[in-house]
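The values are calculated or read from the model by the stated rules, or taken from the named source; none is laboratory data. It should be emphasised that the depicted structure is a prediction, and the values quoted were computed from it without experimental measurement. Glycine gets a Cβ as well: all are built from the backbone with ideal geometry, and neighbour counts include every protein chain shown.
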Amino acid sequence: MEEGARSCLLQSRSSLEQDIRASYLMDHMISDGVLTGDEEDRIRSKPTRKEQAAALLELLLRKDNQAYISFYNALVRESYGDLASLLHNSLPLVSPEAEKSFSDGGTRYVQAVLSEGGVPQRPVVFVSRPALVNRVREKLYRLQKEPGWVTVFGMAGSGKSVLAAEAVRDHALITECFPGGVHWLSIGQLDRSDLLVRIQSLCFRLEQQSQEKDPSSSLHRPPGSLEEAKERLRFLMLRRYPRSLLILDDIWDSSVLKAFDIQCRVLLTTRDRSLADCVSGSKSEVAVESGLEEDQALEILALYVNGKPQRLPEQARSIVRECKGSPLVVSLIGALLREFPDRWAYYLHTLQQKKFKRIRKSSSYDYDALDQAMAASIQVLSEEHRELYIDLTVLEKDVKVPAKVLSVLWDLEPEEVEDVLQDFVNKSLLFRDCHHRPYLYYLHDLQLDFLAEMNRSGLESLHTKVVRQYQQRYSQGPPTSGDEECLYWFRFLTYHMAKANLTQELCSLMFSLDWVRTKAQIMGPAHLINDYVEYGAILDKEVRGHFQEFLSLNGHQLEQRPFPDVVQLALSQPDSSEVYRQALLQAQERATRG
Ligand code: ADP
């Protein structure tokens, strides 16, 4: 193996050892002929995942360039995109052809900028859409001299997000137009309090990064209202990140866009072409057709089955036609064919069946192919995994969850959860965001729509399961670590309770001063206030009023750090208030405890 590749492996060794599952990667390496069965057995005989990973790397270091390339490819195929990117720049040049197939157009600098800004990586199997990408880049170049908006619009699942991420994966574009960086924000359908939380976390990210570069700049407390958040963002973009690009992914509502109307450079993806009408500044747009060109869709299928597009069986074109070129559907079918390479006719037939009737059918988008593909992918899961996948029906759209949340939901060990998730990712039934540690997982909106339709009658019991599993795991009190898992529960426990119709439990949770204290400490008061409004209809009106009054009087205090003494604050409520009653009890308890 050449020196650069070996050195890169050594440098990345600890990250690789920490994350990879050797057993998944070795299958690919054996089929590439760079690993023997005996070598695989020796590695498999190691007792733990980490030791297997270390043994594989040790062996790899003694092998040639081809082995490095095969290992890199295996990482890409098994969705370890971020780890693959560590090795990317040291890929040995075997032939010009080989270099071409590995290149993702990004330099180390581009990768660093995009990763810092949270721009998603390419999907595991990816085809380029050069004409479209160039159209977006051309519009982005117009933002070189002045702020403005570029709207990428098209149907759900047409590949807008992938396209937006691809458009900025370009050295010249970033250095010439956006030297201040590229910052990605996933939006989706959200209410004002969720929007506030998203902007808060964007501001936090920006401030933190700018503090790393300039330790004299200070971190502020999170902005408490949307107006304040907008001003904070305006300041950050103007002063600390001039000439940077904000990518707002999947915007539904023009009111959301108004929060970003701060004279900066924005690329947004949306299904609604007219959204940017409500904001000021220069505007341009790019339409994304709902499906890929036939050749591109065939290329995806070929990549999944490791073949050349010209050598695909005759059914391939018909499959692409039935999928209407939808990249999401083609990816689902491609993943199935990778596992069952002799089922071309079978999956074509499956797609041609029109078994599913959507109740809420969009006028412009035909979901039949997606429904068929989803059903076929779910069908090939083992029975156990199928049940676990159905549990994901309860996730909210556009929300990414860490594996730990699923470990609570499924009551499985983290390693078992990893195996299950890997199976779903391999089948394109689930996507992984590798920019975060721990990794976050999510489904495409259309997949969640499908699951919700499929499990309409069981929704209540699925949500009940989430609540019961949470209660079992956290019987001693809620998590307080402030990590992604903890945030998930504070954000969504009330949602699951409401959907499960567990009204009594929802009331006792929301009418508990302890819950209010911990949630406010972890997330700030905005979300709490929103919960009382959102579930107002099912909560006791009088007690709800007590809590809302307490929060509206003390919201600004609850944003302060160090965090104030909530019992003290609550003791200034009128003595008829439930908030006061609980605070008094706690104060008395404190006194007796000394
Ligand atoms: P949208 O944002 O329009 O809803 P996405 O960009 O999220 O759509 O794409 C949906 C899915 O389609 C992706 O998760 C990916 O699996 C697949 N996909 C999209 N574009 C491509 C592409 N260029 N190459 C391969 N797969 C793609």
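Summary table
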| read-out | value |
| --- | --- |
| Residue, nearest to the ligand (Cβ to nearest atom), within region 325-343, restricted to residues that are assigned to a loop (DSSP other than H, G, I, E, B) and either surrounded by 20 or more Cβ atoms within 10 Å (Cβ to Cβ) or without any contact (Cβ under 8 Å) to a residue 40 or more places away in the chain (or both) | Ser326 |
| Every residue from region 390-411 that is part of a loop (DSSP other than H, G, I, E, B) and either at positive phi or modelled with pLDDT of 95 or more (or both) | Leu395, Asp398, Asp411 |
| Region 41-57, residues that are within 30 Å of the chain's Cα centre (by Cα) and in a helix (DSSP H, G or I) | Arg49, Lys50, Glu51, Gln52, Ala53, Ala54, Leu56, Leu57 |
| Pair list, Cβ under 8 Å, 6 or more apart: region 105-130 residue more than 20 Å from Ser201 (Cα to Cα), other residue more than 10 Å from the ligand (Cβ to nearest atom) and aliphatic (A, V, I, L, M) | Gly106/Leu114; Tyr109/Ile174; Val110/Ile174; Val124/Val76; Val124/Val425 |
| Near pairs, Cβ below 8 angstrom, 6+ apart or cross-chain, from region 131-159 (more than 24 Å from Ser254 (Cβ to Cβ)) to any residue that is within 9 Å of the ligand (Cβ to nearest atom) and in a loop (DSSP other than H, G, I, E, B) | Leu132/Val288 |
| Condition met for His527 (surrounded by 17 or more Cβ atoms within 10 Å (Cβ to Cβ), at pLDDT 90 or above and in a helix (DSSP H, G or I)) | no |
| Criterion: more than 25 Å from the chain's Cα centre (by Cα), of a type in the set (Lys, Arg), under 30 Å from Asn134 (Cα atoms) and away from the ligand (no atom under 16 Å from the Cβ) - qualifying residue of Lys308, Lys354 | Lys308 |
| Checklist (1) touching a residue at least 24 places away in the same chain (Cβ under 8 Å); (2) part of a helix (DSSP H, G or I) applied to Tyr346, failing item | (1) |
| Every pair of residues 6+ apart whose Cβ atoms lie under 7 Å, when the first sits in region 301-321 and is more than 25 Å from Gln353 (Cα to Cα) and loosely packed, with under 15 Cβ neighbours inside 10 Å while the second is modelled with pLDDT of 90 or more and hydroxyl-bearing (Ser, Thr, Tyr) | none |
| Where Arg561 falls short, out of the listed (1) without any contact (Cβ under 8 Å) to a residue 40 or more places away in the chain; (2) in a loop (DSSP other than H, G, I, E, B); (3) not polar (S, T, N, Q) | (1) |
| Helices (runs of 4 or more DSSP H) contained in region 93-199 and holding at least 3 residues at pLDDT 90 or above and within 13 Å of the ligand (Cβ to nearest atom) | 130-141, 160-167 |
| Qualifying helices (runs of 4 or more DSSP H) (wholly inside region 445-523; at least 2 residues being free of Cβ contacts under 8 Å to residues at least 24 places away in the same chain and more than 25 Å from His546 (Cα to Cα)) | 459-473 |
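One line per residue, one yes/no per condition, for (1) surrounded by fewer than 19 Cβ atoms within 10 Å (Cβ to Cβ); (2) in contact with a strand residue (DSSP E or B) (Cβ under 6 Å, 6 or more places away or on another chain):
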| position | (1), (2) |
| --- | --- |
| Val125 | no, no |
| Arg129 | no, no |
| Trp149 | no, yes |
| Ala167 | no, no |
| His171 | yes, no |
| His183 | no, yes |
| Arg192 | yes, no |
| Ile199 | no, no |
| Leu202 | no, yes |
